[in-house]
1. Less than 16 Å apart at the alpha-carbon level, and either on another chain or at least 8 residues along: which aspartates and glutamates does that give for LYS355?
2. By accessible area of protein heavy atoms, probe 1.4 Å, what ranking do MET378, MET400 get, highest first?
3. Against the longest principal axis of the chain, how steep is helix 251-265, in degrees 0 to 90 to the nearest 10, with axes from Cα atoms?
4. Using the Karplus curve 6.51 cos²θ - 1.76 cosθ + 1.60 with θ = phi - 60°, work out ³J(HN,Hα) for each residue of the range 391-406 in order, rounded to whole Hz, and write x for Gly and Pro.
5. Ordering ASP268, ASP48, ASP232 from largest to smallest accessible area (1.4 angstrom probe), what's the sequence?
6. Using amide H atoms built 1.01 Å from N in the peptide plane, name the residues 5+ places from VAL189, or on other chains, whose amide H lies under 5 Å from its own.
7. Which lysines, on any chain, are close to LYS262 with Cα under 20 Å apart, when same-chain ones fewer than 8 places away are left out?
8. At 7 Å along Cα-to-Cβ for each site, give me the label-to-label distance between ASP124 and TYR348 in nm.
Amino acid sequence: MEQMSLFDDRQWSAPLAERLRPRTLEEFVGQEHLLGKGKMLRSLIEKDQISSMIFWGPPGVGKTTLASIIAGRTRAEFINFSAVTSGIKEIREVMAQAEESRKMGLRTVLFVDEIHRFNKAQQDAFLPFVEKGSIILIGATTENPSFEVNGALLSRCRVFVLHALEEKDLVQLLKNALKNPAGYGNQNVQITETQLAAIAAFANGDARTALNTLEMTVTNGEISAEGIRVTDQVLEQCISRKSLLYDKSGEEHYNLISALHKSMRNSDPDAAIYWMCRMLEGGENPLYIARRLIRFASEDIGMADSRALQVAVAAYQACHFLGMPECDVHLTHAVVYLAMAPKSNALYKACEACKQDVRGKRAEPVPLQLRNAPTKLMKELDYGKGYQYAHDTEEKLTHMECMPESLKDRKYYHPTDQGEEAQTKERLEEIEEWRNQK
């Protein structure tokens with residue numbers, strides 16, 4: 001815990017991103033949908049009328065900075081609280097302090113960074129104090145609060161969504177750093193517009209990454225009597241690998257696999273390859289992607305091209321044998337095949353419809369004609385009576401009922417005309433016609 005103040009001592013040894021942290025709304029870059037003139041959040045901050053709220057957005061977009069700006073403007077006691085280093089004991093101490101302040105007519109604004117890291121019990125500890133107004137809670141999270149913040153607590157907070165910064169915002173931020181005395185305003189840094197644009201693109205919407213990268217390039221630049229020159233060689237080393245927002249256990253994980261699945265379903269191989277590579281570059285386990293491809297092969301292609309399942313399983317085996325980075329081409333092979341295959345969700349719909357009956361209807365006994373009768377007693381109880389052996393007939397078909405009595409006319413599988421499933425549909429129609437005629 002620490003008191004936040006507008007007059008924090010910003011040592012020159014601090015990272016560039018920290019030295020240039022905006023202290024006012026006028027210095028803040030981006031989030032115009034929240035902080036533009038006349039927008040709700042700006043109005044609440046300017047009037048010091050904030051209520052409990054959650055800032056939700058990716059890293060480096062200004063969540064903690066907004067809290068710092070609020071700290072400088074509010075007349076309430078402002079306490080910074082980290083979910084990483086604090087537990088129930090620390091929460092109770094702060095709540096007791098806030099309750100005493102409330103009795104004296106003082107407000108307490110509690111900022112909780114990475115609130116999603118608190119478990120349910122820790123989040124519940126805030127709830128009664130939020131309800132009776134002992135504290136105004138401001139939480140910051142990179143995860144979807146719908147999943148990571150308790151419903152009771154979330155219902156008492158207004159959620160503000162912060163977006164990844166656009167490249168033009170990041171370029172402006174970098175230019176400000178070059179002019180600001182707290183940055184490189186007192187040094188002659190020679191860097192081109194193209195180089196600034198490259199840093200902004202690499203940062204992927206993250207202001208902290210952009211400033212850290214600028215600091216690294218300037219630190220390693222060529223020093224001369226005229227100043228510091230950032231070379232393309234140094235810049236290439238600093239941005240050799242794209243910074244990708246990807247948390248294998250977070251929401252973006254599910255967003256990307258959803259994008260891959262829906263791109264293949266839409267028969268768009270280029271988009272499917274892109275989303276697959278995004279996952280791999282973000283560090284996803286290739287076996288996870290391969291497992292999802294196996295599911296897709298039956299859910300979205302099915303009998304329209306049964307080879308799709310074989311290709312998906314083969315891709316999984318290839319990933320298992322080789323691992324990354326070699327198996328990326330095998331995943332690409334499978335992704336393109338699945339994207340271009342004819343589509344049918346008839347198997348998926350049949351499975352889902354049948355599960356509804358199994359779960360919602362009475363568990364029917366197996367008809368006697370379908371039961372084996374390995375013992376004398378079972379034969380005496382008519383197990384197997386009426387069974388018709390399909391191989392004994394010329395058509396390899398019989399009129400024997402295989403469904404329970406209450407479901408004898410139920411149809412789950414409705415084949416489509418897509419791909420090879422058209423042949424299955426034709427065959428099924430022939431079987432039904434034969435049974436109806438006989």
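1. GLU299, GLU364
2. On the way: MET378 60, MET400 30 Å².
Final ranking, largest accessible area leading: MET378, MET400.
3. Helix 251-265 sits roughly 40 degrees off the main axis of the chain.
4. Values, residue by residue: 6, 7, 9, 5, 7, 6, 9, 9, 9, 5, 7, 9, 8, x, 4, 6 Hz.
5. Values: ASP268 60, ASP48 15, ASP232 85 Å².
Ranked list, largest accessible area first: ASP232, ASP268, ASP48.
6. HN-HN under 5 Å from VAL189: ILE228.
7. LYS248, LYS343, LYS349
8. Spacing of the two 7 Å Cα→Cβ label points: 3.8 nm.
The values are calculated or read from the model by the stated rules, or taken from the named source; none is laboratory data. Since this is a predicted model, take the numbers as computed values, not measurements. Here Cβ is always computed from backbone atoms with ideal geometry, including for glycine, and neighbour counts include all displayed protein chains. Ligands, DNA and RNA are excluded from the accessible area calculation, which covers all protein heavy atoms including side chains. Shrake-Rupley method; radii C 1.70, N 1.55, O 1.52, S 1.80 Å.
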